[in-house]
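Working notes for the structure below.
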Amino acid sequence: MSLKNNVLSPRADQLIEDGFHVLTYENDADIIKPIVRHVDASLIQFHFCFRGSATFHFNQSTYSLPLLDEHVLLLYNPQRDLPMELDVSPNSQLVTVLISIKKFHSLFSQEANQISFLSDENADKKYYKDHIITPSMAVALSQILQHQPNTLMSRLYLKGKVYELLSLYFNPTEATDVAECPFLVDEENVRKIRNAKKIVLERMTNPPSLQDLADEIGLSLKKLKEGFKQLYGSTVYQFILDHKMNHARQLLGSGSYNVNEVALQLGYSNSSHFIDAFKKKFGTTPKKYLLSVSS
């Protein structure tokens with residue numbers, strides 16, 4: 001496992017109740033960052049990659065398992081501890097749920113025969129499963145990532161959202177009640193919003209106008225704005241700008257480009273506009289940042 005720079009600490013680490021942890025991670029740096037955390041054999045692990053990617057390492061890095069963008073990994077090995085050792089790519093967001101097998105059985109006691117790794121014949125077998133995050137799951141993950149810990153009723157809210165997330169994982173056809181934005185109850189709308197994200201990331205140097213983007217994905221302008229903000233926590237243009245600036249930091253950090261070259265790569269015809277945006281995002285100019293990483 002590569003130990004590049006400092007280990008990535010969870011942005012939030014909340015004990016919902018005994019045997020039930022929820023952690024959120026965000027790597028906003030321009031380098032890969034590792035996560036290292038002991039997890040014993042009694043715990044089932046769910047790792048949701050809301051954005052970006054990561055790579056798990058096992059048996060002293062003799063075996064690796066990718067966690068892809070908008071995918072979830074379920075990991076469980078009752079025979080041995082399965083520590084979290086993974087490299088998280090830049091611009092990635094993860095939600096990890098650690099739940100004891102005892103607690104899990106209590107939640108799904110009546111449905112245990114429908115969950116393969118809880119069946120009697122699989123009770124002592126290791127279980128790794130990769131699964132695509134459904135639109136309903138993406139909504140719940142977005143709300144988990146955006147919620148503010150330490151607020152009144154925070155733990156109860158988070159507990160409800162994680163229960164919802166697990167129920168959607170095991171019953172993906174079940175619709176979720178999204179009180180904050182009923183529009184996102186429709187999974188087709190969520191698919192369109194996620195397609196909008198894909199489009200703007202692919203064309204970030206010359207993104208379409210909001211109206212053109214709305215037309216391309218088949219939504220009204222109003223629904224595009226409201227749905228994108230609800231799902232990703234920012235406006236479309238702020239999302240693009242944040243991604244541009246994080247990419248700029250990666251390019252500068254590579255030492256292969258000067259400030260003007262990075263500005264051009266990101267679609268800025270005027271480097272002063274790029275400099276202003278970079279300084280607003282990171283509190284320093286691209287030149288000073290370039291000097292700091294090259295010294």
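Each reported figure results from applying straightforward, stated rules to the coordinates on display, with no laboratory input. On a predicted model such as this, the values are computed, not experimentally measured, just so you know. Using ideal geometry, Cβ is built from the backbone for each residue, glycine included, and neighbour counts are taken over all protein chains shown.
Using the Cα atoms of the stretch 1-55, I'd like the radius of gyration and the largest Cα-Cα distance, Dmax, both in angstrom.
Gyration radius and largest Cα-Cα distance of the stretch 1-55: 12.4, 36 Å.
How do the peptides 28-40, 211-223 rank, highest first, by the average count of neighbouring beta carbon atoms within 10 Å per residue?
28-40, 211-223
Given the stretch 12-170 reduced to its alpha-carbon atoms as identical point scatterers, what log10 I(q)/I(0) does the Debye formula return at q = 0.10, 0.17 Å⁻¹?
Here log10 of I(q) over I(0) equals -0.34, -1.06.
First obtain the Kirkwood hydrodynamic radius of the stretch 199-241 from its Cα pairs, then insert it into the Stokes-Einstein equation at 20 °C and 1.002 mPa s, and state the resulting D in µm² per second as a whole number.
207 µm²/s
Calculate, axis by axis, the spread of Cα positions in the chain along the three principal axes, and write the results as whole Å, longest axis first.
Each principal axis gives a Cα extent; for the chain these are 65, 47, 35 Å.
Could you give me the percent of Cα pairs per 5 Å distance bin for the stretch 238-294, shortest bin first, beginning at zero and ending with the bin that holds the maximum distance?
Final binned percentages: 4, 22, 37, 27, 8, 1.
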